[in-house]
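All remarks here apply to the structure that follows.
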Amino acid sequence: MKKKIAILGSTGSIGKSLINILKKDKNNFNITLLTANKNINELLKQINTFNVKNIIVTNYKIFLKIKILLKNKKINIYNDFHSINKIYHNKKNDYVMNAISGLDGLEPTIKIIKFTKKIAIANKESIICGWSLIQKELQKNKTKFIPIDSEHFSIYSLIGESKNANIENVYITASGGPFYKLPLNNFKSITIKSALNHPNWKMGKKITIDSATMMNKVFEIIEAKKIFNLDYNKLKILVHSQSYVHAIVKFNNGLTKILIHDTNMTIPIFNSLYEDKKKEIQSKKLDFSIINNLNFENIDLKRFPVTKILKKLSSNDSLYETVIVSANDNLVRMFLSNKIQFLDISKTLIKILNNKEFLKFKQIIPKNINEITKLSNYVSLKINSMHI
């Protein structure tokens, strides 16, 4: 019997990686739903390849266009995530991948959890801002959750059935991004092109800029804290420019485990899909020239000042995380639009997070998606009205 799969954000890098895995095993999977925003050509290819009967296109202009293009086909085309209930009723998927970027991924995550046995989430923002809401739905519907970020999938793989009480420290590795060795006095002249030139990973623009500022690691520490229920003081960032080791876990029993894999997101995606099934993936042989020269360094706070944010976080889930995500999203967007300089991202973000108006949100636990969305929109308005 074919496994039923839904892919939220099928035309992005994570979605396409999953699609490529499924192409090699089409006889065992049935795609019940694809969602996309604007990439119409990629979506049409995927629909034809897998004979998909349900699609959600969130961009209204593209939605109208694709309705015309597919008018003679028996395909249900929707424009919003409310249609998830209509598509599935009481039916369940075997696996859902949420690969939608940004806070836009939170609503569909919450809505689809009850319609799947297992959900893999590659969406940082959903976990950071809405973990308490996601966790509630996971428990209520007995849905299995797998994190897809390479670091979190690595921790998940290393910890196994261990309880967090058995863990002394978790180390998340960072490549250091494109400016790890750049002299500090050259940071003023960083261009968009150079910031997008990541030495190890091929990723979307937003996450590549987050890697350049080290904000992606701030997010990953917050995620790890929430997913694995760990105290912040147990979580550390190490700069590891080879990107060969993805996580290190030191247990209280004296054992330390490390996880190594190629710099290829296909590996965590593949393993989240097949888990314990005996399926093989083509990967590189162990590179002992790298293993014999593994380097790890502590974070340089002058080079990556955003990492200081971690010292300001409270242990409870709060709306303050939404302020962090929304402020950073807007500043990265402004940098990519040539409206601010690279250094303005970190400088302005720290300034906003120290503002009394936003510090109060540390004490407020999010009750629903609307609270998160409303605050995110408010932060966006504030930033766009600032003179940076």
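The values are calculated or read from the model by the stated rules, or taken from the named source; none is laboratory data. Every value quoted in this text rests on a predicted model; they were computed, and no experiment measured them. All Cβ positions, glycine included, derive from the backbone under ideal geometry; neighbour counts span all protein chains shown. Just so you know, the surface numbers come from the protein's heavy atoms only, side chains and all, with ligands and any DNA or RNA stripped out. Shrake-Rupley method; radii C 1.70, N 1.55, O 1.52, S 1.80 Å.
Within segment 165-204, the set of residues being open to solvent by 70 Å² or more (accessible area, probe 1.4 Å) and assigned to a strand (DSSP E or B) comprises E168 only.
Let's see how each residue does on (1) within 23 Å of K217 (Cβ to Cβ); (2) open to solvent by less than 70 Å² (accessible area, probe 1.4 Å); (3) in contact with a Phe, Trp or Tyr (Cβ under 8 Å, 6 or more places away or on another chain); (4) in a loop (DSSP other than H, G, I, E, B):
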| residue | (1), (2), (3), (4) |
| --- | --- |
| L286 | no, no, no, yes |
| K302 | yes, no, no, yes |
| N338 | no, no, no, yes |
| I345 | yes, yes, yes, no |
| S380 | no, yes, no, no |
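Scanning segment 370-377 finds one or more residues that are surrounded by 21 or more Cβ atoms within 10 Å (Cβ to Cβ), of a type in the set (S, T, N, Q) and under 30 Å from K111 (Cα atoms).
Name the residues in segment 304-317 that are open to solvent by less than 80 Å² (accessible area, probe 1.4 Å) and in contact (Cβ under 8 Å) with a residue 60 or more places away in the chain, would you? The answer is F304, V306, T307, I309, L310, L313, D317. Taken over segment 92-117, residues that are open to solvent by 20 Å² or more (accessible area, probe 1.4 Å), touching a residue at least 40 places away in the same chain (Cβ under 8 Å) and not small (G, A, S) amount to 7. The residues in segment 135-164 that are closer than 15 Å to L238 by Cα, open to solvent by 10 Å² or more (accessible area, probe 1.4 Å) and aliphatic (A, V, I, L, M) can be counted, and the count is 0.
What residue, among those in segment 121-139 that are among the β-branched types (V, I, T) and in a helix (DSSP H, G or I), is nearest to D210 (Cα to Cα)? My answer is I128. Remark: V52 falls outside the filter, which requires a residue to be in contact with a Phe, Trp or Tyr (Cβ under 8 Å, 6 or more places away or on another chain) and on the phi < 0 side of the Ramachandran plot.
Within segment 182-209, residues that are more than 21 Å from N338 (Cβ to Cβ) have Cβ atoms under 7 Å from residues that are in a loop (DSSP other than H, G, I, E, B) and among the β-branched types (V, I, T) in these pairs: N200/T263; W201/T263, counting only partners at least 6 apart in sequence or on another chain. For first residues located in segment 9-22 and more than 12 Å from E42 (Cα to Cα), partners that are modelled with pLDDT of 95 or more and not aliphatic (A, V, I, L, M) and lie 6+ apart or on another chain with Cβ distances below 8 Å form the pairs L18/S10; I21/F270; L22/F29; L22/F50. Going through (1) open to solvent by less than 60 Å² (accessible area, probe 1.4 Å); (2) closer than 26 Å to L182 by Cβ; (3) not in a loop (DSSP other than H, G, I, E, B); (4) not acidic (D, E) one by one, K236 falls short only on (1). In segment 1-90, counting only helices (runs of 4 or more DSSP H) that sit wholly within it, the ones holding 2 or more residues that are open to solvent by less than 30 Å² (accessible area, probe 1.4 Å), of a type in the set (A, V, I, L, M, F, W, C) and under 23 Å from M265 (Cβ atoms) span 13-23, 40-50.
Of all the criteria given as (1) part of a helix (DSSP H, G or I); (2) more than 22 Å from I345 (Cβ to Cβ); (3) open to solvent by 20 Å² or more (accessible area, probe 1.4 Å), the one not satisfied by A224 is (3).
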